Amino acid sequence: MQILQVQNLCKTYGTGEVRVNALRNVSFSLEKGEFAAVIGESGSGKSTLLNCIGSLDFPTSGSVLIDGNNLFTMKEEERTIFRRRNIGFIFQSFQLVPELNVEQNIMFPLLLDYRKPDSAAVEEILELLGLKDRRHHLPNQLSGGQQQRVAIGRALITRPKLILADEPTGNLDSRASQDVLDLLIKASRQYQQTILMITHNNSLAACADRVLRVSDGRLSDMGSSGKKGAWYRDEKLS
């Protein structure tokens, strides 16, 4: 079952001599429960791709369908509600609400949507994240790795069709990075959660089901990553 379909996506900034083609006819799809990593050099178009898929930015042309729904044929209010209910975001900078504790931060997307949190679901996520004993702590009382776990919980609580993770380990040390990756893999398996993750870390990318590479705005599917194939060896040598 296809959850995400990206079709001929283009994004252009500027005109004339300052024209930049950030995305050039990008097309790919993700199945339900698939965990894909996007790699590429800085400025290659990775973040632009993620922002367009999450409807945080508008493509110049092309389409993004999530569970068969075309994001850019929706009216603005309809798209905002759809995004809130169907797309989870995990950012490098965590972006937690400082005045809310761990449990409240995790429940925040539901409260924002005027929905009553399911206490059993909250408990399940706290257990998955290993945060039950930190549930009443504020973000400034947590380590970076713990804050990112809270951000993962916030992304999971709505059971979205798709989670977009933008360098989720970028501010973490190697041990915390591996912990966060393990949690994303577990979420993908336990909840059949579809995840698209940007990373500069090729070792982390190699743990995903599939690797996509963006270069000069063009996307290449590097295939399955689990066995660390030729793409991984080439990246290690470069």
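Checked against the criterion of being assigned to a loop (DSSP other than H, G, I, E, B), aromatic (Phe, Trp, Tyr) and surrounded by fewer than 17 Cβ atoms within 10 Å (Cβ to Cβ), the candidates Phe58, Phe94 yield just one match: Phe58.
Only residues that are of a type outside the set (Phe, Trp, Tyr) and without any contact (Cβ under 8 Å) to a residue 24 or more places away in the chain were counted in region 103-131, giving 11. Candidates are the residues of region 1-40 that are of a type outside the set (Val, Ile, Thr) and without any contact (Cβ under 8 Å) to a residue 24 or more places away in the chain; the one that is most open to solvent (accessible area, probe 1.4 Å) is Glu17. For beta carbons closer than 6 Å, sequence separation of 6+ or different chains, a first residue in region 132-145 that is more than 18 Å from Ala121 (Cβ to Cβ) and open to solvent by less than 60 Å² (accessible area, probe 1.4 Å) and a second that is assigned to a helix (DSSP H, G or I) and of a type in the set (S, T, N, Q), the qualifying pairs are Pro139/Gln147.
Ile81 meets all of the listed conditions (1) surrounded by 16 or more Cβ atoms within 10 Å (Cβ to Cβ); (2) out of contact with any Lys or Arg (no Cβ under 9 Å at 6 or more places or on another chain) but one, namely (1). Restricting attention to region 148-169, the residues being open to solvent by 40 Å² or more (accessible area, probe 1.4 Å) and over 16 Å from Leu196 (Cβ atoms) number 2. The requirement of being more than 15 Å from the chain's Cα centre (by Cα), closer than 25 Å to Met1 by Cβ and among the small types (Gly, Ala, Ser) is satisfied by Gly62. Residue-level check: of (1) within 18 Å of the chain's Cα centre (by Cα); (2) surrounded by fewer than 19 Cβ atoms within 10 Å (Cβ to Cβ), Glu76 misses just (1).
If you check Phe108 against the conditions, is it in a helix (DSSP H, G or I), open to solvent by 60 Å² or more (accessible area, probe 1.4 Å) and aromatic (Phe, Trp, Tyr)? Against the criterion (in a helix (DSSP H, G or I), open to solvent by 60 Å² or more (accessible area, probe 1.4 Å) and aromatic (Phe, Trp, Tyr)), Phe108 qualifies.
Output the residue which, of all residues in region 174-229 that are in a loop (DSSP other than H, G, I, E, B), touching a residue at least 24 places away in the same chain (Cβ under 8 Å) and open to solvent by 40 Å² or more (accessible area, probe 1.4 Å), is nearest to Ser27 (Cα to Cα). Reasoning before the result, please.
Looking only at region 174-229, we keep the residues that are in a loop (DSSP other than H, G, I, E, B), and these are 191-193, 199-201, 206-209, 216-217, 225-229.
Still in the running and touching a residue at least 24 places away in the same chain (Cβ under 8 Å): 191-193, 199-201, 206-209, 216-217, 225.
Filter once more, keeping what is open to solvent by 40 Å² or more (accessible area, probe 1.4 Å): 192, 200-201, 207, 209, 216.
Details: Gln192: 23, His200: 21, Asn201: 23, Cys207: 23, Asp209: 18, Asp216: 15 Å.
Residue satisfying both the conditions and the ranking: Asp216.
The values are calculated or read from the model by the stated rules, or taken from the named source; none is laboratory data. Owing to the predicted nature of the structure, the values given are computational and were not obtained by experimental measurement. Positions of Cβ are generated from backbone atoms using ideal geometry, with glycine treated the same way; all protein chains shown enter the neighbour counts. Keep in mind that these areas ignore ligands, DNA and RNA; they rest on the heavy atoms of the full protein, side chains included. Shrake-Rupley method; radii C 1.70, N 1.55, O 1.52, S 1.80 Å.
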